[in-house]
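The next block holds one structure in the form of structure tokens; read it before the comments.
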Amino acid sequence: MSDNIPVCLTIGSSDSGGGAGVQGDIKAFASVGCFATTVVVGVTAQSTDGVTGRWGVPVPAVLAQLDAVRRGFPLRAAKVGTTWSEELIRALAGPLRELAGDGVPIVVDPVMVSTAGSWLSEVGRTRAAVLETLLPLAAVITPNRREAELLAGVAAGAASRRDLAEALAGLGAAAVVITGGPDEAGDWFFDGAEHRHLHGAWHDSGAEHGAGCAHSALIAGLMSQGRPLAAAVREAHWRAAEGVRHGHTHLGTTVHPVDVLGIGAAAGDARGPALRWPLSSARPLDPHPHPAAPKSGRPGRPPRLSVILPTRDRPETLRAALASVAAQRRDDTEVVVVNDGGAPVEPVLDEFRSHLDLRLITLLAEHGPSAARNHGIEAARGEYLSFLDDDDVYLPGHLESALTALAAGDADAVYATAGVSRRRVDPIAAEPPELPHAFDFSFHDGFLSVLNYIPPTGLVVRADLAEAMRFDPDLRIGEDWDLWLRLSRHRGYRFRHLDRLGAVYHRIPAHSVSADPVGDGRRALARFHDGYRRMCARWAVPAGSPQDGYRRLVLQVYDLAFVRYDSGRTLGSFWYERMVRLLYDGFVAGRPADALAPRLAPLLEEQ
């Protein structure tokens with residue numbers, strides 16, 4: 001066995017149906033590249049219809065199994081599932097305490113009620129033992145709502161998941177994940193200091209058998225690879241949900257088994273899940289003019305970076321965007337493509353599947369850029385996120401520079417200079433393009449209250465499980481600006497500018513407000529004007545402050561632009577970029593807003 005393959009242990013019961021218990025844990029460990037060892041504490045006669053019989057393994061036999069595994073394998077993580085009796089729990093406490101003392105993270109899934117609704121342990125006799133012995137040893141516990149209520153001693157439905165998580169932490173749990181269900185989609189994660197709702201739809205596939213077992217085993221498997229708890233919880237949440245979405249609905253009659261191994265997808269199962277498994281590289285790469293690094297596959301290792309790429313009905317620009325990611329030549333990056341209700345994009349993705357770790361989310365109707373990006377964020381597995389629109393491109397070396405800067409530890413979000421171009425830029429040209437305008441502004445927290453000077457293309461940010469790491473779907477204008485403000489003001493994110501050209505933001509005349517006919521241009525300008533006013537109302541600043549004065553300058557520019565349109569004239573190219581430059585330089589230099597007013601009208605002229 002390679003030293004690089006982590007060994008995990010599951011302590012639990014056998015499921016004769018193969019979907020849950022130690023059988024399900026073995027599959028979950030394998031799905032993230034871990035070798036599974038087992039300690040069987042009980043045997044069940046079980047199918048997807050429920051548990052019809054159960055027999056406990058004698059405690060000496062259980063301890064003998066555990067001793068053999070500990071002597072023979074270098075354990076990197078352990079999961080404790082069904083524990084049957086108070087006697088067994090207390091007998092396991094000593095060996096588990098030694099494992100925890102050796103630095104082995106232990107995930108406790110206090111299985112009392114199965115997905116099929118069957119009671120799997122004698123609650124009254126085991127609750128005290130779990131609280132006294134297992135909770136203090138666990139890196140995290142993963143009950144469902146009913147199990148959390150039983151452990152906390154709370155009546156069914158009497159407390160929120162937030163309150164239950166805090167109650168369990170008060171009883172000794174270091175961290176708590178309360179899994180979701182049809183009435184409470186997504187998981188609730190509390191690390192002892194911060195609550196996080198891991199959003200996600202409840203997949204009504206009928207394939208939930210083994211979902212809880214797989215979820216807790218996935219957390220253990222990911223932690224065995226050195227993943228921080230929060231990152232492991234996040235990825236396990238996604239993988240377990242995908243296992244339900246892609247479950248074996250053709251097996252069983254009541255609650256069907258989950259599919260964490262992607263067996264159905266590998267066999268060509270096309271029952272139509274909206275979120276596809278990673279595209280395979282079974283077929284060779286089609287001829288393509290852009291060189292790229294071969295995809296390494298990185299079995300069992302999660303990506304370090306997730307690129308979120310929404311798209312809709314622009315196959316040619318999507319192809320260029322993907323080529324710019326492939327040219328980064330990284331094997332630790334996944335690309336989550338979100339088709340926002342447009343025409344199929346699989347033919348474009350097929351060109352890159354030998355070079356990129358690609359995943360596709362297909363939305364059946366248009367949801368808008370914010371919602372599309374949010375779908376990508378919720379599916380992302382990386383420690384860092386990067387955003388790329390299908391109309392824009394990265395330049396070579398951008399992701400390497402950004403990740404290197406983030407690794408220094410003095411920033412949570414970095415953004416490279418983003419050039420603005422009126423023509424398509426080859427993302428892998430031998431020489432970087434010469435662009436007359438660029439967003440190359442150093443971070444200034446005060447000016448961030450005036451205007452957004454950080455395009456999403458070019459930014460790489462540390463992933464966050466909290467709701468703050470979401471674009472507001474109610475905003476069609478300024479949604480990225482709103483997110484930067486929330487991360488900076490509410491989450492304490494440290495932003496840093498990279499003084500290098502890393503991305504190109506295309507402003508093609510056919511799609512530009514400046515070049516539209518007067519009527520269409522005025523309507524588009526009105527949308528941006530209304531969006532700016534809405535952002536100013538949402539992020540209020542003190543009256544009479546420098547930010548207030550400079551916001552008034554922005555509104556003056558909009559008023560001047562409306563006057564031009566009303567007189568039959570259009571706006572000059574790059575007027576917005578020139579406005580940002582003028583106001584940023586003035587604000588940083590401490591100039592009074594009134595001093596810049598005479599310089600506003602010329603911004604709108606063609607230059």
>> Leaving out ligands and nucleic acids, and using a 1.4 Å probe, what accessible area per residue does region 519-577 come to in Å²?
In response: 49 Å²
> Hey, any idea what % of region 333-451's accessible area is carbon plus sulfur with a 1.4 Å probe?
Replying inline: 51 percent
>> Run the numbers for Val154 and Asp559: contour at 0.36 nm per residue of separation, minus the present Cα-Cα distance, in nm.
In response: 139.9 nm
> Is region 1-100 rounded, prolate or oblate when judged by the Cα gyration tensor, a ≥ b ≥ c being the square roots of its eigenvalues, rounded requiring a/c under 1.5 and prolate requiring a/b larger than b/c?
Replying inline: oblate
>> Just the number please: accessible area per residue for region 361-406, 1.4 Å probe, all protein chains included, in Å².
In response: 27 Å²
> Non-local amide H neighbours of Leu498 (under 5 Å, H modeled in plane, Pro and chain starts lacking H): which ones?
Replying inline: Tyr415, Ala416, Thr417
>> Full-extension gain between Arg71 and Asp410, please, as 0.36 nm times their residue separation minus the C-alpha to C-alpha distance.
In response: 117.8 nm
>> Apply the Karplus curve 6.51 cos²θ - 1.76 cosθ + 1.60, θ = phi - 60°, to the phi angles in region 551-560 and return the couplings in whole Hz, x for Gly and Pro.
In response: 4, 5, 5, 4, 5, 5, 4, 4, 4, 5
> Which Cα, out of Gly549, Gln607, Gly572, lies furthest along the positive dipole direction of region 526-607 (beta carbon charges, K/R +1, D/E -1)?
Replying inline: Gly549
> What is the set of long-range amide H partners of Gln46 at a cut-off below 5 Å, with H atoms built 1.01 Å from backbone N?
Replying inline: Ser16, Gly17, Thr52
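The values are calculated or read from the model by the stated rules, or taken from the named source; none is laboratory data. Not measured: the values here are computed from a predicted model. Backbone-built Cβ (ideal geometry, glycine too); neighbour counts: all protein chains shown. Accessible surface areas use protein heavy atoms only, side chains included; no ligands, DNA or RNA. Shrake-Rupley method; radii C 1.70, N 1.55, O 1.52, S 1.80 Å.
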